[in-house]
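The values are calculated or read from the model by the stated rules, or taken from the named source; none is laboratory data. Quick caveat: nothing in here was measured; it's all calculated off a predicted structure. For neighbour counting, all protein chains shown are included, and Cβ atoms are generated from backbone atoms with ideal geometry for every residue, glycine included. Protein only, heavy atoms only, side chains kept; ligands, DNA and RNA dropped before computing areas. Shrake-Rupley method; radii C 1.70, N 1.55, O 1.52, S 1.80 Å.
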Amino acid sequence: MNRLILIKYGELTTKKSNRKMFIQMLENNIIKILNNFDFKIKKDRVRMYIECNELDLNNIVQKLKKIFGIHGIVVAHKVDTNKEAIEQKALELIQNIEASTFKVDTKRADKTFEIHSMDFNCLIGGYILKNTTLKVDVHNPDIHLYIEIRPEGTFLYTDEEKGNGGYPVGIQGKGMLMLSGGIDSPVAGYLSLKRGVDLECLYFESPPHTSLEAKNKVIELANIINQYSGNIKVNVVPFTKLQETIYKNVPDSYIITIMRRMMYRIAEAVAKKHKCKIILNGESIGQVASQTLDSMVVINNVTTMPVIRPVACMDKLEIIELAKKIGTYETSILPFEDCCTIFLPKHPVIRPVLEKCIEFESKFDYQSLVEECVNNIETITKLEKQQYIDLL
Ligand code: ATP
Ligand code: MG
């Protein structure tokens, strides 16, 4: 093994008292996401080290780039701790980079190595000066060559890949994400994961008005954001009966408002059942009639559980940009209908009145329909697309 991966922790370095817990959570998450690889992991207060098969190295780096709580990823070269081997590797690394200035930075964790760090900087720097046309610049070098002399060998590296930042997923516990097939909710999920909130997803389906393709699209989206978590499940709510009852009993303009109040009631019940502390969704202020502040107030009124809307204050174009970056956009724009888009009324109310909602809801026994939805949820743990035959 000539190379190994060094992981530098992200924002968690600021959380002094919780540091141990954060690092442990990050290690668990890495182990889970790299479960298909053969590797060894070691950790200390400031770093983690991953040793793996040379052939897996790039694939592992790509996976690590998605894990939250990592600030930087470095591929370091390991050599025996002797001056000649270090000089040779230092030169080899530096010669492969186009630059005109450099700086050497030695850390001597192995105090049995007799040359002190500053002296070793000069020694290796001198060797590079002699063998290249590069010049030293200690303030703003083009190449920063790091040398870490450790008991198990010496590690050399020059550049660092940016990690994904954020907090280790799960450090905050779990939230229930209302995941539709649209653009917004997967982005909301990604942003929640980034702050350390792990997710379960809740998808409302209304067959035969919505298709298996629409459900598979949601499973696929969950799969994509699961690259950042590893724990995601999708709970599918059979929403048809409740939705049809709403259509029969509620005036057109209030259909969406009442439907969304029902969704929130179900989301709260399922969240509690699955030990989720909050509800999350992809609502964005003003985007559609049901997302004006007046609508949000009336819809939110059915629950006391906090509802967090990570994309609430983002423009659609900003959400799209992020969706493209995280890889959900292409799936989100596949043209399958959602339960919110079928039978869309011509003029949905944008300033709903709470008393009217309560009056419309008193016309039918929604409690038992909500209960039926909650009790008949299908929980998908293996995020694989389904076939019609699976459902028989
Ligand atoms: P788009 O990107 O087209 O806006 P969307 O998923 O955001 O899609 P909206 O009608 O804006 O669709 O819905 C607002 C939010 O309500 C969604 O972001 C999602 O969190 C939730 N939601 C809507 N439909 C469903 C559904 N069928 N299942 C679960 N959650 C849903
Ligand atoms: Mg939306």
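Data for the structure
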| read-out | value |
| --- | --- |
| Hits in segment 217-248 - residues which are part of a helix (DSSP H, G or I), touching a helix residue (DSSP H, G or I) at 6+ places or on another chain (Cβ under 7 Å) and more than 30 Å from Gly166 (Cβ to Cβ) | Lys241, Leu242, Gln243, Thr245, Ile246, Tyr247 |
| Matching residues in segment 275-288 - criterion: being open to solvent by 20 Å² or more (accessible area, probe 1.4 Å) and either more than 16 Å from Tyr264 (Cβ to Cβ) or near ligand 1 (Cβ under 10 Å from one of its atoms) (or both) | Lys275, Ile285, Gly286, Gln287, Val288 |
| Residues located in segment 133-191, provided they are among the aromatic types (Phe, Trp, Tyr) and either assigned to a loop (DSSP other than H, G, I, E, B) or within 16 Å of ligand 2 (Cβ to nearest atom) (or both) | Tyr167, Tyr190 |
| Where Asp110 falls short, out of the listed (1) assigned to a loop (DSSP other than H, G, I, E, B); (2) crowded, with 18+ Cβ neighbours inside 10 Å | (2) |
| Residue, nearest to Val197 (Cα to Cα), within segment 277-334, restricted to residues that are charged (D, E, K, R) and within 11 Å of ligand 2 (Cβ to nearest atom) | Arg309 |
| Selected residue (criterion: least open to solvent (accessible area, probe 1.4 Å)) from residues of segment 345-378 that are touching a strand residue (DSSP E or B) at 6+ places or on another chain (Cβ under 9 Å) and in a loop (DSSP other than H, G, I, E, B) | Ile377 |
| Hey, Lys382 more than 16 Å from ligand 1 (Cβ to nearest atom), open to solvent by 60 Å² or more (accessible area, probe 1.4 Å) and assigned to a helix (DSSP H, G or I) or not | no |
| Odd one out for Asn226 among (1) farther than 15 Å from Thr328 by Cβ; (2) away from ligand 1 (no atom under 15 Å from the Cβ) | (1) |
| Any hit, segment 306-318, residues being modelled with pLDDT under 95, open to solvent by 10 Å² or more (accessible area, probe 1.4 Å), out of contact with any Phe, Trp or Tyr (no Cβ under 8 Å at 6 or more places or on another chain) and under 24 Å from Glu361 (Cα atoms) | no |
| Helices (runs of 4 or more DSSP H) fully within segment 1-103 counting 3 or more residues that are within 17 Å of the chain's Cα centre (by Cα) and farther than 20 Å from Tyr157 by Cβ | 19-33 |
| Some residue of segment 293-302 being open to solvent by less than 20 Å² (accessible area, probe 1.4 Å) and away from ligand 1 (no atom under 14 Å from the Cβ) | yes |
| Options Glu268, Glu321; residue that is surrounded by fewer than 19 Cβ atoms within 10 Å (Cβ to Cβ) and more than 10 Å from ligand 1 (Cβ to nearest atom) | Glu321 |
